[in-house]
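The values are calculated or read from the model by the stated rules, or taken from the named source; none is laboratory data. Bear in mind that the values here come from a model prediction, so they are computed numbers and not experimental data. Cβ: placed from backbone, ideal geometry, glycine included. Neighbour counts: every protein chain shown.
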């Protein structure tokens, strides 16, 4: 949870995906590594199997949100960061208890009148096979993933317009 | 529903389970995409309406509606078209792995499987778990009830219930709720978050937690978690009370649905305490008849198979449990919120009992209409919250003796709890080394299978007319299923979201219309 002047105060980081599908579970591994990283100390670090509507409340209470997820639309091993905009809530996912990042942001705006900047750190997976460990190749990329999150936290406020021009990477899991 | 069963062998094991299952033509092609395409190609031209919309139920199902020459509904069939086979592939695993393995059956109610499985393992170990552990497990279970009932009411059913069954399908969704009932949506999100957070606070993980183990739990309650939860409880209780008040003002606007949504006389089953009060975590089984008369009471978990038989259906992977003394198919009984409130003499907590009294005053002592599952679900959510308060107020909840240790002392074990959707039975057999040799899981949606089938027939007769399915009729057919909040993933121990397909069949079996979600 947030405390005092810690660098991560007010920051919510959500790593999500299926921990039993190798690289799809990278969000979980990223959160474990971020928990030990002083550059994000004080941040609220969550891991989830999938995004759910309840996270709209967490979004609304945060000053900055970072989502970490495997993205099949990104080249394997690449780390892509994008600033997310709200989307029209997608009924197909929302009413079935999981939700896409844009809809989640839209819910936070509509229900709680709060719109924190939301970044998606999308990472290209090498494997989505069964297994509770990420692939060795992705293991080597993990420091970049952690650095990307730490950089967003360090540069918050001025990072938004810069990162907007980064390669886009859909954040859906 | 047509009689289409094979009856089990009397030991909770259904006939045909161990070998390839027979399947009706419609289902035989399901696993084989090419065969399915070929079968469709042979059919006469048909209208097919595809609604690009994922249904709000867990699992995959197909409904067939049969018509006579006059175009009137004669029968319906509810096919559940998936299987995973947890009972089979767990054979050979150590019994103490079962809680972790079986909780993977479902991402919605993993806690229920975890608890029923842990109780079955307790039985194998022949231990009585420490008092604190039992209270902590019940606390976890109450949190599971709150989050699951919130999910069912607010996320899955609210678009129909608060916007109307015949409201514009384009607006009968979250956008519609956002526009017309944002407060209810906020309440739903807050309530589910409260339940999920408590699960996480207790068990570290909100989905597939590993805190509950054979013999108890693996860590005592952190006093700070107790304080936090006690501080948050009043707001959660206020949400449920507000929602019950809203529902009491709304429910009477659904006279047709109340009359025709699974409004069929059946038996009911649920756990009760020694005084007949509602029990969710512990207790013995009680069965009542359609008139409310108790036909079996204080049935010990290890005697369940004397009262519950299981039939397998030729066209569905979902088995059909029945009340054995009556036999199949007439021994239809229901479980879940509606059944539990019919079965129990009282809830046992003050606010829930007050609501239960009004519920019974409005609807009668025995409530038959499946539509009232929603109302019953809200009262149970209130009970679960009050029960949390009682458990947290008990100093024993902070005890530090939370786990009993033992080896294999029984070669079989049975664990029964009331999951949010109804009675959940885990029955295991092991060898001397504790390796699983046999498992039988009877899940809430399975218990309700025959009743769901009768409900579908009833609503189809009421709302399907002629050779075409109207969207409103499709929604009502789905809604009658949704009343039971079925988890087809659990009931077949299968994975995925429900894609519902409804087929209208003429007297010669010709597909006259088809709608798919």
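Is at least one residue of region A:75-86 within 14 Å of chain B (Cβ to nearest Cβ), within 30 Å of residue B:149 (Cα to Cα), touching a helix residue (DSSP H, G or I) at 6+ places or on another chain (Cβ under 8 Å) and at pLDDT below 95?
Taking region A:75-86 as the starting set, the residues that turn out to be within 14 Å of chain B (Cβ to nearest Cβ) are A:86.
Applying the additional criterion that residues be within 30 Å of residue B:149 (Cα to Cα) yields A:86.
Subsequent filtering for residues that are touching a helix residue (DSSP H, G or I) at 6+ places or on another chain (Cβ under 8 Å) retains A:86.
Next cut, at pLDDT below 95 only: A:86.
Checking region A:75-86: at least one residue is within 14 Å of chain B (Cβ to nearest Cβ), within 30 Å of residue B:149 (Cα to Cα), touching a helix residue (DSSP H, G or I) at 6+ places or on another chain (Cβ under 8 Å) and at pLDDT below 95.
Here is a list of conditions, (1) more than 19 Å from residue B:385 (Cβ to Cβ); (2) in contact (Cβ under 8 Å) with a residue 40 or more places away in the chain; (3) buried (at least 18 other Cβ atoms within 10 Å of the Cβ); (4) within 14 Å of chain A (Cβ to nearest Cβ), and residue B:269 meets all of them except one; can you say which number that is?
So the condition that residue B:269 fails would be (4).
Does region B:126-137 contain any residue that is over 26 Å from the mean Cα position of the chain (by Cα), at pLDDT below 95 and over 30 Å from residue B:228 (Cα atoms)?
No, region B:126-137 contains no residue that is over 26 Å from the mean Cα position of the chain (by Cα), at pLDDT below 95 and over 30 Å from residue B:228 (Cα atoms).
Among B:143, B:184, B:170, which is the only one that is within 12 Å of another protein chain (Cβ to nearest Cβ) and outside any loop (DSSP other than H, G, I, E, B)?
B:184 is the lone residue from the list that is within 12 Å of another protein chain (Cβ to nearest Cβ) and outside any loop (DSSP other than H, G, I, E, B).
When you check residue B:304 against the structure, is it part of a helix (DSSP H, G or I), modelled with pLDDT of 95 or more and either over 25 Å from residue B:120 (Cβ atoms) or under 24 Å from the mean Cα position of the chain (by Cα) (or both), yes or no? First the steps, then the outcome.
On the way: part of a helix (DSSP H, G or I): yes; modelled with pLDDT of 95 or more: yes; either over 25 Å from residue B:120 (Cβ atoms) or under 24 Å from the mean Cα position of the chain (by Cα) (or both): yes.
Criteria met by residue B:304.
Please work out if residue B:212 is away from every other protein chain (no Cβ under 12 Å), modelled with pLDDT of 90 or more, surrounded by 24 or more Cβ atoms within 10 Å (Cβ to Cβ) and farther than 19 Å from residue B:232 by Cβ.
On the way: away from every other protein chain (no Cβ under 12 Å): yes; modelled with pLDDT of 90 or more: yes; surrounded by 24 or more Cβ atoms within 10 Å (Cβ to Cβ): yes; farther than 19 Å from residue B:232 by Cβ: yes.
In short, yes.
Considering each of B:282, B:330 in turn, give the residue that is in contact (Cβ under 8 Å) with a residue 24 or more places away in the chain and in a loop (DSSP other than H, G, I, E, B). Quick ask: steps written out before the conclusion?
Details: B:330 fails: in contact (Cβ under 8 Å) with a residue 24 or more places away in the chain.
The conditions single out B:282.
When residues of region B:157-167 are filtered for being surrounded by fewer than 22 Cβ atoms within 10 Å (Cβ to Cβ) and within 10 Å of chain A (Cβ to nearest Cβ), how many remain?
1
Could you tell me which of the residues A:141, A:120, A:145 is closer than 24 Å to residue A:100 by Cα and either in a helix (DSSP H, G or I) or within 14 Å of chain B (Cβ to nearest Cβ) (or both)?
The conditions single out A:145.
Within region B:377-400, does at least one residue satisfy the condition of being surrounded by 24 or more Cβ atoms within 10 Å (Cβ to Cβ) and closer than 16 Å to residue B:96 by Cβ?
no
Does residue A:56 count as assigned to a helix (DSSP H, G or I) and either within 13 Å of chain B (Cβ to nearest Cβ) or modelled with pLDDT of 90 or more (or both)? Full working, then the answer.
Numbers: assigned to a helix (DSSP H, G or I): yes; either within 13 Å of chain B (Cβ to nearest Cβ) or modelled with pLDDT of 90 or more (or both): yes.
When the stated conditions are applied, residue A:56 passes them.
How about region A:40-53: which of its residues are in a loop (DSSP other than H, G, I, E, B), touching a helix residue (DSSP H, G or I) at 6+ places or on another chain (Cβ under 7 Å) and at the interface with chain B (Cβ under 9 Å from one of its Cβ atoms)?
Matches in region A:40-53: A:53 only.
Which residue is surrounded by the fewest Cβ atoms within 10 Å (Cβ to Cβ), if the candidates are limited to region B:108-134 and must be within 14 Å of another protein chain (Cβ to nearest Cβ) and part of a loop (DSSP other than H, G, I, E, B)?
Out of the qualifying residues, it is B:108.
Which numbered condition in (1) buried (at least 19 other Cβ atoms within 10 Å of the Cβ); (2) in a loop (DSSP other than H, G, I, E, B) is the only one that residue B:274 fails?
Condition (1) is where residue B:274 drops out.
Residue pairs, Cβ under 7 Å, 6 or more apart or interchain, first in region B:289-305 and closer than 27 Å to residue B:413 by Cβ, second assigned to a loop (DSSP other than H, G, I, E, B). List them.
Correct list of pairs: B:295/B:289; B:305/B:11; B:305/B:12.
Any residue in region B:367-381 that is in contact (Cβ under 8 Å) with a residue 24 or more places away in the chain, over 20 Å from residue B:198 (Cβ atoms) and in contact with a strand residue (DSSP E or B) (Cβ under 7 Å, 6 or more places away or on another chain)? Talk me through it step by step, then tell me what you get.
Narrowing region B:367-381 to residues in contact (Cβ under 8 Å) with a residue 24 or more places away in the chain: B:367-381.
Filter once more, keeping what is over 20 Å from residue B:198 (Cβ atoms): B:367-376.
Those still in the list that are in contact with a strand residue (DSSP E or B) (Cβ under 7 Å, 6 or more places away or on another chain) too: none.
Checked region B:367-381: no residue is in contact (Cβ under 8 Å) with a residue 24 or more places away in the chain, over 20 Å from residue B:198 (Cβ atoms) and in contact with a strand residue (DSSP E or B) (Cβ under 7 Å, 6 or more places away or on another chain).
Considering only residues that are away from chain A (no Cβ under 14 Å) and at pLDDT below 95, which ones fall in region B:85-96? Write out each step before concluding.
Our first condition is that a residue be away from chain A (no Cβ under 14 Å); within region B:85-96, this holds for B:85-88, B:90-96.
Those that are away from chain A (no Cβ under 14 Å) and at pLDDT below 95: B:85, B:86, B:87, B:88, B:90, B:91.
State yes or no: is residue B:103 crowded, with 24+ Cβ neighbours inside 10 Å and over 15 Å from residue B:280 (Cα atoms)?
Values: crowded, with 24+ Cβ neighbours inside 10 Å: yes; over 15 Å from residue B:280 (Cα atoms): yes.
Considered against the rule, which asks whether it is crowded, with 24+ Cβ neighbours inside 10 Å and over 15 Å from residue B:280 (Cα atoms), residue B:103 comes out as yes.
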